[in-house]
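One structure is given below, encoded as structure tokens.
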Amino acid sequence: MINIFCFGFGQVAQNLIKKLDKEKIKINLSYTSRLPKDSNHIISSKMFNLNNYVYDTKILQALQKADFILVSIPPVNGEDIVIKNFLNNFKDLKPKWITYLSATSVYGDHNGEWVDEKSFTKPTSENGINRLTAEKEWISICTKLNLPIQIFRLSGIYSDTSNILKRL
């Protein structure tokens, strides 16, 4: 049994859990939602309320048990609300990995040139600037605390129905 904690439970997190379930990997899932009630009905999971202003204090217990932590909440008002609310608790964590889902907006405008993981980041949008700031905070914190961090920069992850291809 592995313990997974998801800060945010959007499309990426839901698909990860579906994939693990399909592969018959036994998981104990905890996740946060802005909604006051659980609307996902995920098998053997525990939902905690978290928004920019308030959070369920029982998150800390589940977080300390987490083998894997997935952070998919974007910055709110320019700051990462996970770091804002839980930074002082990171020193007590022992995950196998922490994954922060960022966005390709951190690359900015490269004038039509190809962009990859080695490309220079020069965000121009507020979203890109905030995401890059959050990435740097996660890397700095995890380096100081010797926690394993990985960052994935994703594009069009908003949903199956509200992504750039659908809008076009």
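The values are calculated or read from the model by the stated rules, or taken from the named source; none is laboratory data. The shown structure was predicted, so the numbers you read here are calculated from the model rather than taken from an experiment. Heads up, the Cβs are rebuilt from the backbone with ideal geometry, glycines too, and the neighbour counts pull from every protein chain shown. Remember, those area values only see protein heavy atoms, side chains included, never the ligands or the DNA or RNA. Shrake-Rupley method; radii C 1.70, N 1.55, O 1.52, S 1.80 Å.
Key figures for this structure:
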| item | result |
| --- | --- |
| Cβ-derived FRET efficiency at R0 25 Å, residue 155 paired with residue 22, nearest 0.05 | 0.50 |
| Reachable aspartates and glutamates, given that their alpha-carbon falls under 12 Å from the alpha-carbon of residue 94 and they are not under 8 places away in the same chain | 67 |
| FRET E, pair residue 96, residue 117, Förster distance 25 Å, beta-carbon r, rounded to 0.05 | 0.70 |
| Of all accessible heavy-atom area on the chain, the percent that carbon and sulfur account for (1.4 Å) | 53 |
| The chain: most fluctuating residue of 16, 101, 147 per GNM, C-alpha cutoff 10 Å | 16 |
| Length-normalised contact order for the chain - Cα pairs under 8 Å, 6+ apart - percent | 21 |
| In range of the label at residue 46: residues from segment 67-95 whose backbone nitrogen is under 12 Å from the point 7 Å along Cα→Cβ | none |
| Percent of Cα pairs exceeding the 18 Å cut-off, where the set is segment 1-116 | 53 |
| Loop-resident sites, segment 18-116, for GluC sites (Glu not before Pro), counting at most 12 other Cβ within 10 Å (DSSP) | 23, 113 |
| Neighbour cut-off at most 10 other Cβ (10 Å), DSSP loop, chymotrypsin sites (Phe, Trp or Tyr not before Pro), segment 19-118 | 53, 114 |
| Acute angle (nearest 10 degrees) that the helix 126-145 long axis makes with the longest principal axis of the chain, alpha-carbon atoms | 50 |
| Angle in degrees between helix 11-22 and the longest Cα principal axis of the chain, rounded to the nearest 10 | 50 |
| Debye, to nearest 20: dipole size of segment 45-153, +1 on Lys, Arg Cβ, -1 on Asp, Glu Cβ | 480 |
| Lys/Arg +1, Asp/Glu -1 at C-beta; the chain dipole; positive extreme among 82, 121, 102 | 82 |
| Accessible solvent surface per residue of the chain, calculated while the other protein chains remain in place, 1.4 angstrom probe, Å² | 62 |
| Candidate lysines for bridging to residue 91, where Cα separation is under 21 Å - those fewer than 8 sequence places away on the same chain excluded | 58, 65, 136, 144 |
